Structure formats: structure tokens, C-alpha cells
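The values are calculated or read from the model by the stated rules, or taken from the named source; none is laboratory data. Every value quoted in this text rests on a predicted model; they were computed, and no experiment measured them. Using ideal geometry, Cβ is built from the backbone for each residue, glycine included, and neighbour counts are taken over all protein chains shown. For the accessible areas, the whole protein counts, side chains as well, though only heavy atoms, and no ligand, DNA or RNA atoms are used. Shrake-Rupley method; radii C 1.70, N 1.55, O 1.52, S 1.80 Å.
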Amino acid sequence: MNRPSEQGESRRASNARKRISRRPSRLGIPAGTLTPDRAQQPDAGFPGLLKRTWQRAGEADDLRAGIEVLLTLDGHVPADVQLRALGAKEEAALVALCGLTWRTEEGDGDDASLRSVCGLTWREEEDGGEDLAGVDQAGDDDPVFVGEVALATTGRIVLRVPAQEPLSRDGLAGGIWRVPWTRRTLETYRQELRRAEARLARSVADCRAWLAEQGPEGRDALLEQATEAALRTAPFVLHQQERLYTNFRERNNLTGKTLWPGHPDCALSGLRGLPLDLWSDHDVQLLVCLTLLVRSAGPGRVEEANGTQLTVDHVAHMLERVRRGYNAVPGVEPVAPAASRQVAALDRLATDLRARRPQVSANAQLYREIHGALMHKIERVAAAPAEGARRREDAVAARLRARLPLAGATLADLGEDLAAGPEWLAAPHGDFGTGLESLVYETVAATTDAFDADFTMSRGMRSLPALISALRTQRWAEICDWDITRFFCCVVPHATADRHFGGSAAALADTAWAMSSRMQYNSWHFVAGNLPKVPEVAARDHFVPPTIPDVAFYSDQHHHGHVNNGVRFSIRSPHAVDVDGRRFNGFMDLRLLRCEGPAFDEQDLLAAHRVSAFIARATSLAAELAAAGHPLEVTAFDAAWHWSSVTGGVPEAAGAATGQVRRAS
């Protein structure tokens with residue numbers, strides 16, 4: 001399937017050919033000059049989900065059932081994530097109305113404690129709104145206040161409580177439910193709110209005291225650490241009561257894709273050098289909580305707070321959940337619980353968890369569960385591989401034994417056999433210019449079939465010799481300046497995947513190359529995170545390279561590419577690759593996508609991670625060959641390759657036009 005050799009082609013002509021439109025169905029036409037093949041529907045992705053959720057909630061039998069539909073976004077996210085997104089007043093209101101809370105009676109918040117304190121029925125209003133007439137279980141209380149419930153376009157439940165104006169319809173995903181409150185409901189609300197306010201006041205005072213102990217220089221160092229974490233982390237949205245902190249798109253007020261470090265609109269930048277007594281309570285909690293999260297596992301832990309209230313209580317809940325997960329792993333020295341919910345005690349717990357994490361990783365597989373609707377991530381500790389994982393791995397290994405010059409019963413055995421004689425990785429093999437290309441393609445193709453994926457892909461760098469040369473002479477700025485054509489991604493769709501694209505092979509090829517191009521960008525985005533933090537590297541846009549796999553549910557909500565191409569369920573398995581003595585985290589990964597159910601599960605992830613490890617080991621062996629002088633280059637997996645591999649033909653315009661230069665920066 002490889003393109004014919006193009007020796008003699010100039011580097012300029014080669015790069016121009018690689019930069020031709022992202023859409024192989026338009027080869028020869030610069031990207032962005034024609035109307036897109038597929039226009040996104042107005043309610044595609046998250047807006048459509050919110051609309052359907054509101055309609056589904058309106059069909060529920062009572063308020064509590066309707067609220068549970070809203071909390072889970074009709075089964076798309078865990079309910080406790082939305083419960084922990086509520087501010088103090090909204091949280092107290094849900095306890096008073098329906099007994100829904102993420103806190104236990106002891107207050108540690110490990111599990112949702114659901115206490116039913118009211119029964120409610122639906123009644124349609126003539127004006128099209130909904131009015132909820134309640135029957136208090138006490139039996140003799142009449143409604144004394146009419147509250148409101150709605151679903152915001154952010155996905156959060158919003159409530160009108162006493163002393164607030166009616167909810168504005170701006171920013172809502174549907175209508176407004178009117179909810180009568182009885183005297184009993186009001187009294188429960190008062191008690192819950194009183195406890196919440198007292199708890200919050202104690203926590204804020206503790207945060208201020210802890211920050212005061214750090215001194216001005218210490219606080220500035222913490223601000224720098226939090227700013228760097230926000231800059232190098234995927235999008236997140238954090239709540240502080242009514243305030244929003246985010247690095248996501250147009251709403252951002254933290255350093256990220258839009259706001260550079262030091263930007264006056266960044267909330268963290270505005271605190272640098274500012275006396276602590278002038279900090280708002282929101283900002284005090286923001287810095288303390290970000291510090292605890294980063295200290296527990298690095299910047300990636302911040303994404304595990306996505307969509308929730310960023311308070312010490314919520315961080316304590318998360319750290320305790322992580323602690324219990326770590327302590328359940330056999331052979332791991334237990335981590336002691338925090339002595340209290342004071343910042344100093346939680347700081348010790350966060351530090352202990354960070355120190356224990358490598359030991360946990362050596363004894364069990366850590367991974368993240370991603371809920372795409374709210375971009376929320378949860379760290380999990382996987383169980384041991386079982387029959388499901390072994391069946392997937394065996395299917396991949398069987399195909400590789402048949403297609404590659406390798407022997408062995410398992411992927412680990414195949415890797416050992418490859419390590420004993422890796423030279424063929426640098427020589428032509430089958431239809432490919434190198435054995436490495438052949439191995440990547442055959443492994444990706446085998447995974448697509450064995451896992452019933454609609455697409456599988458794996459990425460890497462085209463020229464290991466060029467990277468090694470730059471590393472040896474410490475040309476960090478040059479590596480950072482390489483554009484995305486320096487990287488590749490092999491995408492192999494399932495033989496039946498065109499059913500998601502109107503039966504069109506052209507549309508399927510178009511999508512495969514769009515995915516490949518995006519993954520080239522991901523490689524570009526991560527590579528700088530493995531280089532020394534010299535000024536040129538620090539100034540270059542990059543994320544912290546990923547180190548653990550993840551499984552995602554309902555990813556077709558926010559990311560435009562995922563929405564357009566129906567990427568609903570996925571597995572990502574990143575692995576490090578050793579290149580001339582330097583370890584590159586996230587250098588490659590294996591991704592599996594499904595456009596419809598069923599979702600991938602933990603056993604699928606465990607098997608995929610072993611497949612990914614096999615490709616990573618082959619890449620490290622190829623890097624050793626390149627370091628020894630083998631001219632190992634990857635020339636396959638460009639736009640023309642994806643077109644011909646998917647459609648079986650050769651595009652007429654291939655190589656005919658230069659297209660546009662596409663730089664990731």
C-alpha cells in the first residue's frame with residue numbers, strides 16, 4: 001500500500017506535496033478554499049445533548065426523577081460530577097427538595113447519600129412552561145415560596161432559591177420548572193445553607209492562613225506553578241460558587257490557548273505581587289486547590305476537577321478517593337488518610353500520593369476515564385487483565401505472526417523476538433519502504449478488526465535520524481520549529497466504517513486523513529515537553545506529554561472534529577519511546593474510535609495498552625538502529641497513502657499542486 005519511491009524529489013517539493021489539503025478528496029486544492037463537504041448541524045454535539053436531556057427530564061414522573069436525568073445529562077455523565085458542580089445555595093436547595101447530595105452523613109463525600117424528603121408531580125402550564133405542584137410529606141404545609149430549576153447551556157443545573165430574582169432565560173438550554181417550597185423545605189434549606197456557609201468560612205480562613213505562611217515569594221512561586229499548569233493542560237472549567245475559572249475558548253480567564261502568561265485578563269497573573277488581604281475569597285481557594293491538585297499528580301490532575309466546584313472540600317474528596325484506590329493495590333505501601341480537612345494536612349496527603357504513584361503504577365495499570373460531555377476525567381486503577389483482554393490481544397498477535405517475520409504466542413513474545421533481530425525494521429518490507437512502516441500498519445489494521453473499532457491509528461516521527469542529529473547537537477530551537485509534516489499518523493478504518501459516512505469511500509478517506517493530520521499536530525504538540533526548558537522550548541506551545549491511557553465516553557460533544565466525524569467512544573494509549581538516551585513521553589500512541597456503541601471498557605483498554613507497548617518497543621528499537629547509522633525514514637501515511645489505502649485508487653490531482661504551508665504554530 002505504500003506510495004512508489006520518490007527518490008530525486010526535492011525536499012521542497014516533497015513537503016509541498018505533504019501539505020496538500022487535509023481532505024484527500026480534494027488533493028490539489030488548497031485547504032479552506034471550498035465549502036466543507038459536511039456542514040455541522042445547528043444542534044450537533046453538546047447543544048443537541050442538552051436539548052434532548054431537557055426534553056427527557058420533562059417526561060419524568062416527579063421532580064427527583066427529572067433532576068436525576070439533568071444530573072446525568074440523560075445518562076452521559078456520572079451524577080456526582082454535576083452534584084459537585086453546585087454552589088452552596090444550590091447544593092442546599094437540592095438536599096431540601098429531593099435529598100440529593102454527594103456528601104455522606106459523616107460529611108466526607110465519598111458516596112452520594114440520597115434522602116427522599118418530598119414527593120412531587122408534574123403539571124403543564126398553559127404558557128408552555130412547567131409548574132410542579134408538590135405534596136409535602138409532612139402533610140399540612142402549603143407552599144410558601146416558588147423556586148425554579150433549569151439547565152444552563154454549560155450543562156449545569158441552576159436553581160432559584162429564596163432571596164434571588166427569577167432565573168433569566170439567557171444561557172438556558174430549555175425552559176424553567178417552577179417548584180413550590182413548603183415551610184419544611186425552607187427549614188431544611190436554612191439548616192443546610194447555614195452548615196455550608198460555616199464550613200466554607202472555616203475553609204477560606206484556613207486557606208488564607210496557609211498562604212500567609214508561604215510568604216510573598218512562596219505565593220509567587222505557587223502562582224507561577226499554577227499558571228504553568230493551566231498553560232500546559234487541556235481545557236478545563238472550574239467553578240467557585242457563582243464565579244467561573246477556565247482556560248477554555250472564549251470564556252477563558254486563565255492562561256491557556258488565548259491568554260499568554262502574564263496576560264492582564266488572567267486571574268492568576270493579577271495576583272502576582274498583590275498583598276494577600278486584597279485577594280478575593282475565590283482567588284484564595286483557587287490557588288490553594290490548584291496547588292493541592294498539581295502536587296498530587298502533576299498538571300493532569302487539574303482536569304479531574306473539571307466541571308466541579310473548586311473548594312478544599314471537593315479536593316479533599318478527590319484525594320481521598322485516589323488514596324483508597326491506591327491502597328487497594330496489592331503490594332503497595334498504604335497511604336495514611338489526611339488528619340483533617342485543613343490545607344496543611346491535605347498538602348501532606350497530596351505529596352504522599354505523588355510519591356506513592358510510581359509504586360502503584362508498577363503494580364497495577366492506572367488510567368483515566370473521560371466523560372466528554374463535561375470534559376471530566378477520573379483516575380482509575382484497573383483490575384487485572386481477564387478473558388476479554390486476552391481475547392483481543394490474541395487476535396492481534398495471530399495476525400502479526402501471519403504478516404510479519406515474528407514468532408511468539410503473545411505480543412510480549414513477539415516483542416522479544418523483534419528485539420533479537422530488529423534490523424529488518426530499517427529494510428523494505430512488503431509494500432512499505434521500511435519494516436517499521438509495515439509493523440505500524442499491520443498492528444493498527446489488526447487492532448481495528450480485533451477490537452471492532454471504526455478507526456484505529458498510531459502516530460510517530462518521520463525521521464528518527466534527523467531527531468537524533470538534532471539531539472546530539474542540542475538544537476532545541478530547531479526541533480521546536482519543525483512543522484507537523486515531520487510527523488506521521490497511520491489511520492486504518494474498519495471495512496464497514498463507510499456506513500457512518502453515507503457509504504462514501506471518498507468521505508471515509510477524507511475523514512481518515514483529517515484524523516491523521518490532527519494526530520500529526522498532537523505529536524508536534526507533545527514533543528517539546530520532553531526537551532530541556534530552555535527559552536525557545538518554554539516559549540513554544542506544548543502540553544505536558546501524556547503517560548497513562550484513557551477511555552472516553554461521548555466525546556462527540558465539544559471537539560469540532562469529534563462532533564463532525566462522530567467520534568463517540570475512544571481509547572488512547574500513549575507510550576514513551578527512548579531515542580538516543582533521551583526518554584520521550586507521549587512520543588507515540590494508539591487510538592481506537594467507535595462512532596456508535598457499545599462503548600469500550602476497561603478490558604479493552606488493557607489489551608490496547610499492550611498493543612501500543614508493542615509498537616512503542618518497535619519504535620525504540622528503530623531509534624537504536626537510526627542511532628547506529630541506519631537511514632530509517634517513514635515516507636508512508638500521507639494524504640495520498642490514506643486515499644489509496646481507503647479507496648483503492650490514486651487521486652488524479654496527487655502531486656499536481658503545492659497547496660498551502662500548514663504550520664502548527
Query raised in the report: Which of the residues that make up region 459-496 are at pLDDT below 95 and either among the β-branched types (V, I, T) or buried (at least 21 other Cβ atoms within 10 Å of the Cβ) (or both)?
Result: I484, T485
Report summary line: Flagged in region 533-582 as in a loop (DSSP other than H, G, I, E, B), open to solvent by less than 40 Å² (accessible area, probe 1.4 Å) and of a type outside the set (A, V, I, L, M, F, W, C), in numbering order, are R540, H542, P545, P546, P549, S555, D556, Q557, H558, G566
Query raised in the report: When only residues in region 357-374 that are open to solvent by 30 Å² or more (accessible area, probe 1.4 Å) and out of contact with any strand residue (DSSP E or B) (no Cβ under 6 Å at 6 or more places or on another chain) count, which is nearest to V237 (Cα to Cα)?
Result: R357
Query - Some residue of region 221-237 being open to solvent by 10 Å² or more (accessible area, probe 1.4 Å), within 24 Å of D347 (Cβ to Cβ), of a type in the set (D, E) and within 34 Å of the chain's Cα centre (by Cα) - result: yes
Requested in this report: Report whether or not T53 is in contact with a helix residue (DSSP H, G or I) (Cβ under 7 Å, 6 or more places away or on another chain), of a type in the set (S, T, Y), buried (at least 17 other Cβ atoms within 10 Å of the Cβ) and more than 15 Å from V158 (Cβ to Cβ).
Outcome: no
**Report entry** Condition met for T619 (at pLDDT below 95 and of a type in the set (S, T, N, Q))
**Finding:** no
Query raised in the report: If you go through region 506-518 one residue at a time, do you hit one that is part of a loop (DSSP other than H, G, I, E, B), of a type outside the set (D, E, K, R) and surrounded by fewer than 23 Cβ atoms within 10 Å (Cβ to Cβ)?
Result: no
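For T456, indicate whether it is under 25 Å from V634 (Cα atoms), open to solvent by 20 Å² or more (accessible area, probe 1.4 Å) and either in contact (Cβ under 8 Å) with a residue 12 or more places away in the chain or not in a helix (DSSP H, G or I) (or both).
no
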Requested in this report: Test F587 against the stated conditions and say whether it is open to solvent by less than 40 Å² (accessible area, probe 1.4 Å), free of Cβ contacts under 8 Å to residues at least 60 places away in the same chain and among the aromatic types (F, W, Y).
Outcome: no
Report task. Search region 407-418 for residues that are touching a residue at least 60 places away in the same chain (Cβ under 8 Å) and of a type outside the set (A, V, I, L, M) and pair each with any residue that is open to solvent by 20 Å² or more (accessible area, probe 1.4 Å) and part of a helix (DSSP H, G or I) when their beta-carbon atoms are under 7 Å apart and the residues are at least 6 apart or on different chains. Result -> G415/R617
Query raised in the report: Do you know which residues across region 583-612 are outside any loop (DSSP other than H, G, I, E, B) and either acidic (D, E) or more than 21 Å from D454 (Cα to Cα) (or both)?
Result: R583, F584, N585, G586, F587, D589, E602, D604
